Amino acid sequence: MHLDELEKSFNRALVLAFSKKKFLLTFPILVLCGVLVVFCRAIAFNASGWIVMSLIFLSIFLSSGILLSLGVLLIRIYYHEVKNLRVHYKTILKRSWELIIGSSYLSMPILLSYLFLWVIFGLFMFFKELPYVGQAIAVVLAFAPFLIILISILLCIVNLALLFFVTPSIAFKSDGKLNISHILSKIPKNILSSIIFLFFGLFPLVVTVAILTLAAVLTGMSYFIANHNLSITLQWFFIMVPYCALLTPSLIFFFNFAAESYNWLNKRD
């Protein structure tokens with residue numbers, strides 16, 4: 001792909017990300033994911049490091065299943081917009097319902113893998129608290145929790161790749177049935193091109209998340225009432241609503257550009 005073609009695809013995905021109807025469709029789903037994150041944060045208030053870390057990753061993997069289903073619908077809508085076809089959201093949703101429900105289960109293996117790592121990490125936390133020998137075990141086996149956390153981070157990266165590369169493969173299926181082997185066969189084989197597309201797809205999303213998160217953290221440090229769990233949770237909830245609203249166009253662009261990436265990479269196969 002030449003630079004002008006990449007720029008054309010980028011601009012088209014960006015322009016079609018600012019749609020009132022798609023905003024009203026995406027924003028409530030993103031708020032649902034935000035509620036899940038805030039809920040996990042409330043549970044982890046004053047909890048041990050093991051609980052805090054596990055709930056952070058758990059909220060990410062649970063939200064990804066929701067976003068995967070949302071992405072299927074957004075990409076199908078984007079296809080109609082690019083082809084200048086009449087877009088009927090209810091019709092597209094009705095025809096895509098089976099795929100939308102089935103696609104959410106694709107995140108289950110990653111979630112179950114993380115839950116297994118969570119249990120293993122808990123065992124190491126238990127060994128660390130043993131009297132007399134706990135500290136010695138913690139020193140000798142320090143590499144094991146490091147590897148567990150590293151694998152958890154890698155699972156997040158795999159989950160992100162799943163959202164970008166596999167979601168279009170599901171959305172563009174014409175038979176309406178979910179076939180995992182078919183989806184796996186459609187994973188891009190052009191490594192360098194795939195990385196470039198993923199970078200451009202993630203760039204607006206990462207920049208937006210970074211700015212919004214920085215603003216939220218600074219607000220928490222300078223303004224929050226930190227003497228009660230309920231008050232902190234409610235404050236994070238009311239910050240989360242505009243956070244999700246400002247993040248919505250970047251998320252829509254992410255899936256729009258994922259569709260552009262899928263179409264171009266398939267032309268090379």
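List of remarks:
- Residue-span extension gain [residue 126 to residue 221] - 0.36 nm each, minus C-alpha spacing: 30.9 nm
- Rounded tilt (10° steps) of 191-222 against the dominant C-alpha axis of the chain: 50
- Taken about its Cα centre, the chain carries a charge dipole of roughly 840 debye when the Cβ of each Lys and Arg holds +1 and the Cβ of each Asp and Glu holds -1.
- Förster-model FRET efficiency, 35 Å R0, residue 245 and residue 191, C-beta, rounded to 0.05: 0.45
- Principal-axis tilt of helix 3-15 within the chain, Cα atoms, nearest 10 degrees: 80
- Using 0.36 nm per residue and subtracting the Cα-Cα separation, the extra length available between residue 97 and residue 137 on full extension is 9.3 nm.
- Which of 217, 232, 89, positive extreme of dipole for the chain (C-beta unit charges): 89
- Value of relative contact order over the stretch 3-268, rounded to a whole percent, pairs C-alpha under 8 Å and six or more apart: 32
- Sorting 222, 59, 69 from the fewest to the most surrounding beta carbons within 10 angstrom yields 222, 59, 69.
- Dipole magnitude of the stretch 5-47, debye to nearest 20 (Cβ charges: Lys/Arg +1, Asp/Glu -1, about Cα centre): 180
- Note on the chain: helix-only mean residue ellipticity at 222 nm, from DSSP H runs of 4+ residues weighted -39500 (n - 2.57) and normalised by residue number, equals -27500 deg cm²/dmol.
- Exposure proxy order (Cβ contacts within 10 Å, fewest to most) of 100, 148: 148, 100
- Compactness of the stretch 3-268, expressed as Rg and Dmax over alpha-carbon positions, Å: 20.6, 71
- Sorting 76, 86, 41 from the fewest to the most surrounding beta carbons within 10 angstrom yields 86, 41, 76.
- Counting only alpha carbon atoms, the long axis of helix 143-161 and the longest principal axis of the chain meet at about 20°.
- Measuring against 22 Å, Cα to Cα, the residue pairs 22/94; 21/173; 8/94; 21/90 contain 21/173; 8/94 as the ones spanning a longer distance.
- When the Cα positions of 120, 141, 102 are compared along the charge dipole of the stretch 81-143, 102 comes out farthest toward the positive end, with charges on each C-beta of Lys, Arg, Asp and Glu.
- Theoretical gain in end-to-end length, residue 213 to residue 80 [0.36 nm per residue, Cα-Cα removed]: 44.5 nm
- Estimated vicinal HN-Hα couplings, Hz - the stretch 99-105 in sequence order (Karplus 6.51, -1.76, 1.60; Gly, Pro = x): 5, 4, 5, x, 5, 5, 6
- Positive-end residue of 262, 33, 243, charge dipole of the chain with Cβ unit charges: 262
Where a number appears in this text, it was derived from the coordinates with a stated rule and is not lab data. Predicted, not measured: the structure shown is a model, and the values here were computed from it. In this analysis, Cβ positions are derived from the backbone assuming ideal geometry, glycine residues included, and neighbour counts consider all displayed protein chains.
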